[in-house]
Amino acid sequence: MEGKQRGANLEAALVATLKHRETQSTLRKLTTYPPDSIDFSSNDFISLAQSSELRAAFLQELNAESTLFPLGSGGSRLLDGNSIYAENLERDIATFHGASAGLLCNSGFDANVGLFSCIPQPGDVVIYDEYIHASVHDGMRASRVKHVVPFTHNSVSAFREVLQKCIDTEEGFIKGTRNVFIAVEAIYSMDGDVAPLEALVNAVEEMLPEGNGHIIVDEAHSTGVLGPKGRGLVNELGLEKRVSVRLHTFGKAMACNGGMCSKCLKSLMAKLFTAIILCTPMMRQYLVNYARPLIYTTFLSFPALAAIKASYSMLMDGRSLELQRKLFRLISHFYTLLVKMQEEAKPYQLLCVPDSCPPSPIFSVLSSEPRSLAAFCQQAGYIVRPIVPPTVPAGAERIRVCLHAGNTLQEVETLVGRIREWVKITQRAKL
Ligand SMILES: Cc1ncc(COP(=O)(O)O)c(C=O)c1O
């Protein structure tokens with residue numbers, strides 16, 4: 001009876017908190033869409049999740065190696081989960097990206113938490129872009145570093161100011177006895193904009209000449225999309241030797257997630273959000289010793305590793321190049337259509353398209369009524385998402401449209417037509 005009472009109190013507290021979210025219109029819900037919907041939302045940027053070629057390569061890899069490797073993982077990588085297959089794979093991926101070492105991780109989230117919780121040492125500082133991913137925040141929270149400082153999104157001058165303040169307050173930074181870590185993303189998931197990486201690298205090298213500035217680039221959204229053969233932003237800019245750590249996640253463009261594999265193998269693999277940290281061999285060894293999310297978890301199973309290998313082989317042997325090119329043709333076409341629509345429909349009170357063509361497949365179309373616009377598109381079968389506070393600041397509400405190599409020109413054109421229709425109907429209703 002007493003137990004029941006306690007349970008009831010907890011239930012009431014949870015209900016009250018969720019109710020509060022509901023009244024604030026911030027309640028999160030899991031959603032599904034009909035299978036024939038047109039995807040303008042997922043992170044399957046080069047449409048590998050739909051690729052029959054990748055599916056065939058994956059199944060072939062599984063069959064080719066199936067007598068050598070068990071389907072289950074066997075344990076933590078430090079115990080029975082490791083294999084020559086995993087070590088060769090991470091070495092091949094590191095070489096492809098021009099890095100000296102790589103460490104596979106069960107997910108990008110685990111990788112960031114492991115990295116930021118253990119690499120910065122006591123007395124070091126972490127400076128991060130204000131839009132950095134939640135996993136970096138969780139890692140910083142668990143770290144021994146006392147000072148973590150944000151800088152204004154993508155602003156090199158704001159970054160310089162923050163770094164200068166750190167240098168002024170502690171001489172260890174200029175002497176090189178203390179480290180500064182800088183956390184940025186290559187492409188930001190809500191705005192689709194690209195980090196001014198070269199300028200940041202120049203600033204770090206100029207202001208910390210002792211080499212104690214370490215830039216960590218999260219390439220979650222740029223893997224498979226930017227750079228030669230989809231290697232990412234750091235490779236595109238030739239900065240491999242000037243950034244300390246890169247994170248490539250495989251759950252987005254690389255399609256190494258439940259989407260592809262559930263179709264191939266039904267229930268065999270429950271979760272495959274995988275990633276690799278690219279760093280020096282010494283840092284890799286440190287992570288193996290101290291990164292708790294890597295140590296205290298069951299390592300990737302053979303099918304998960306085979307999925308990564310099959311997917312990367314599409315990049316390595318150039319089979320994804322045409323997908324990459326097609327994606328950028330669609331980006332340009334979609335942007336041209338949006339601008340034309342904005343000029344003709346004059347929807348200024350209702351929505352605003354980006355000032356210039358986004359350098360990535362992620363479009364943020366600002367709108368004061370994102371829920372209405374997204375629902376109107378969804379009713380016609382186009383999956384686009386409304387993005388509202390607290391995910392973005394008040395006043396920056398939007399719909400997020402994500403293009404994929406597998407979208408057709410016609411789909412892109414009809415989506416713009418649908419947006420135009422919503423503008424007309426909404427404008428009329430306001431008269
Ligand atoms: C920038 C960024 N970093 C890390 C992650 C985490 O990656 P994963 O989905 O592999 O856990 C995400 C995924 O949402 C992300 O967007």
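Taking θ as phi - 60° and the Karplus parameters 6.51, -1.76 and 1.60, the scalar couplings of the range 95-112 work out to 4, 4, 8, x, 10, 7, 8, x, 9, 6, 10, 5, 7, x, 4, 4, 4, 5 Hz in sequence order, x denoting glycine and proline.
Here the contact order of the range 84-231, divided by its residue count and restricted to Cα pairs under 8 Å and six or more residues apart, works out to 20 percent. The mean sequence separation of alpha-carbon pairs under 8 Å and at least six residues apart, normalised by the residue count of the chain, gives a relative contact order of 22 percent.
Whats the longest run of the chain with zero chymotrypsin sites (Phe, Trp or Tyr not before Pro) that are DSSP loop and have at most 12 other Cβ atoms within 10 Å?
On the way: sites that count: TYR296, TYR348.
Longest gap between qualifying sites, sites excluded: 1-295.
Converting phi to 3J(HN,Hα) with the Karplus coefficients 6.51, -1.76 and 1.60 and the offset θ = phi - 60°, the range 412-421 yields 5, 5, 6, 5, 4, x, 5, 5, 4, 4 Hz in sequence order, with x at every glycine or proline. Each residue in THR223, THR297 was given a count of other beta-carbon atoms within 10 angstrom of its own, and listing them fewest first yields THR297, THR223. Put simply, the amide H of TYR128, placed in the peptide plane, has neighbours under 5 Å in VAL149, PHE151, ALA183, leaving out anything fewer than 5 places away on its chain. What is the sum of charges, Lys and Arg at +1 and Asp and Glu at -1, for the other residues whose Cβ falls under 15 Å from the Cβ of TYR286? Neighbourhood net charge equals +3.
Calculate the length of the line joining the C-alpha centroid of the range 312-361 to that of the range 101-152, in whole Å. Comparing the Cα centres of the range 312-361 and the range 101-152, I get a distance of 31 Å. When the Gaussian network model of the chain links Cα atoms closer than 10 Å, the mean-square fluctuations of ASN154, ASN202, ASN82 top out at ASN202.
Listed values for the range 18-23 are Karplus-derived 3J(HN,Hα) couplings in whole Hz (6.51 cos²θ - 1.76 cosθ + 1.60, θ = phi - 60°), namely 5, 4, 4, 4, 4, 5, and x replaces Gly and Pro.
Anisotropy class assigned to the chain is rounded, per the alpha carbon gyration tensor with a/c under the 1.5 cut-off.
Summarising the strand pairing of the chain, around 50 percent of its internal DSSP beta bridges are antiparallel.
For the chain, adding -39500 (n - 2.57) for each run of n ≥ 4 DSSP H residues and dividing by the number of residues yields -14500 deg cm²/dmol at 222 nm. Distance between the 7 Å Cα→Cβ label points at ASP80 and ASP36: 4.9 nm. Shown here for the range 142-181: trypsin sites (Lys or Arg not before Pro) in loop regions (DSSP other than H, G, I, E, B) with at most 13 other Cβ atoms within 10 Å, namely ARG144, LYS146. Comparing GLY213, GLY395, GLY114 in a Gaussian network model of the chain where C-alpha atoms under 10 Å apart are linked, the largest mean-square fluctuation is found at GLY395. What you get for the chain, charging only the Cβ of Lys and Arg (+1) and of Asp and Glu (-1), is a dipole of about 1040 debye around the Cα centre. Taking amide H as placed 1.01 Å from N in the peptide plane, the amide H of ALA275 sits under 5 Å from that of CYS105, SER107, PHE250, each at least 5 places away or on another chain. In the range 69-316, a dipole from Cβ-located charges (positive for Lys and Arg, negative for Asp and Glu) runs towards its positive end, and of THR249, SER73, GLY230 it is SER73 whose Cα lies farthest in that direction. Local charge for ILE295 was computed over the other residues whose Cβ lies under 15 Å away, with Lys and Arg +1 and Asp and Glu -1, and equals +1. Taking the chain as a Gaussian network of alpha-carbon nodes connected by springs under 10 Å, the highest mean-square fluctuation of the residues PRO354, PRO303, PRO34 belongs to PRO34.
Every number in this text was worked out from the coordinates using simple rules, so none of it is lab data. Because the structure is predicted, anything quoted here is derived from the model rather than measured. Cβ sites come from the backbone with ideal geometry, for glycine too, and all protein chains shown count toward neighbours.
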